[in-house]
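Read the structure below first, then the notes.
The values are calculated or read from the model by the stated rules, or taken from the named source; none is laboratory data. Since the model is a prediction, treat every value here as computed from it, not as a measurement. Here the Cβ positions follow ideal geometry from the backbone for every residue, glycine too, while neighbour counts run over all protein chains shown.
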Amino acid sequence: MPFNSHNSDNIEIKPRFKLVSTFSQKEIFEKIKITLPSQKEVEGTIKGNHVFLNIPTENQHYWSPAMEVIIEELDDDKNKTSVRCLIGPRQTVWMMLMFFYVAVGVLGFFGGIYGLAKWNLGKETLLIWAVPLALLLFVVIYLTAKYGQRKGRDQMLYLVSFLYHAIDDKDIIRL
C-alpha cells in the first residue's frame, strides 16, 4: 500500500495517518524492537505505547523528519490494534516554525490594532501595514515549511516504509 501524503493540493504540515492491524499491541512492539537494531537508516526509541523513529544523525539534514507512532488496542475490537502515526520536522525545527507563527501573529495583531487606532484618529502611521505584512510573512513561513517537507520527503517515505515492513501484516488497513 503506497503512502501518498504529498499531493500538490495537500496543505498539512505534519501528515498523520492511522493503520489497523490484526496483530496485538505486544506483537507489534516486539516486531519493531526486533527490526530496529538491524536497520542502519532508521533509529528509534520506545517509551510506553509510543515509538519515536528518526533518521540517524549522520544522515540528517536540517529538514529531516521524525515520526511518532502510537500503538493502542482498538476499543471496539480487542482483536485489532490501532497504529497512529504523525510525521513532521524534528522538535527543534517544529518549535522554531511555531515561534515564528506566534511572533508574526502577535506583532501583526497588536501592530494592526495600534495602526488602525491611529488611522481612525486621523494620524499617519506605518503600522497600518502590520496586518498585510503579517499575512505575507505567514505565507512565507508556510512556504518555507512546505519546502522543508519536500526536502525531507524521501526520508519520510523511508520511515513509513520501515514501519510497514517492521509490522509485516498482510491484512493491515490504512484509514
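Numbers below:
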{"read-out": "Sole residue being charged (D, E, K, R) and touching a helix residue (DSSP H, G or I) at 6+ places or on another chain (Cβ under 6 Å), chosen from E58, E73", "value": "E73"}
{"read-out": "Some residue of the stretch 116-137 being in contact with a strand residue (DSSP E or B) (Cβ under 9 Å, 6 or more places away or on another chain) and at pLDDT below 90", "value": "no"}
{"read-out": "Odd one out for A166, checked against (1) in contact with a helix residue (DSSP H, G or I) (Cβ under 8 Å, 6 or more places away or on another chain); (2) part of a helix (DSSP H, G or I); (3) not assigned by TED's automatic domain parsing to the domain that holds S21", "value": "(3)"}
{"read-out": "Residue match in the stretch 144-156 (condition: within 14 Å of the chain's Cα centre (by Cα), over 30 Å from N49 (Cα atoms) and exposed (fewer than 13 other Cβ atoms within 10 Å of the Cβ))", "value": "yes"}
{"read-out": "Within the stretch 61-83, tally of residues that are free of Cβ contacts under 8 Å to residues at least 12 places away in the same chain and in contact with a Gly (Cβ under 6 Å, 6 or more places away or on another chain)", "value": "0"}
{"read-out": "Residues that are modelled with pLDDT of 95 or more and among the small types (G, A, S), drawn from the stretch 138-162", "value": "none"}
{"read-out": "F17 vs. criteria among the hydrophobic types (A, V, I, L, M, F, W, C), closer than 30 Å to V140 by Cα and modelled with pLDDT of 95 or more", "value": "no"}
{"read-out": "Some residue of the stretch 84-97 being modelled with pLDDT under 90 and touching a Gly at 6+ places or on another chain (Cβ under 7 Å)", "value": "no"}
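Conditions tested, residue by residue: (1) basic (K, R); (2) touching a residue at least 40 places away in the same chain (Cβ under 8 Å); (3) touching a Phe, Trp or Tyr at 6+ places or on another chain (Cβ under 8 Å).
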| position | (1), (2), (3) |
| --- | --- |
| G44 | no, no, yes |
| L53 | no, yes, yes |
| Y101 | no, yes, yes |
| L116 | no, no, no |
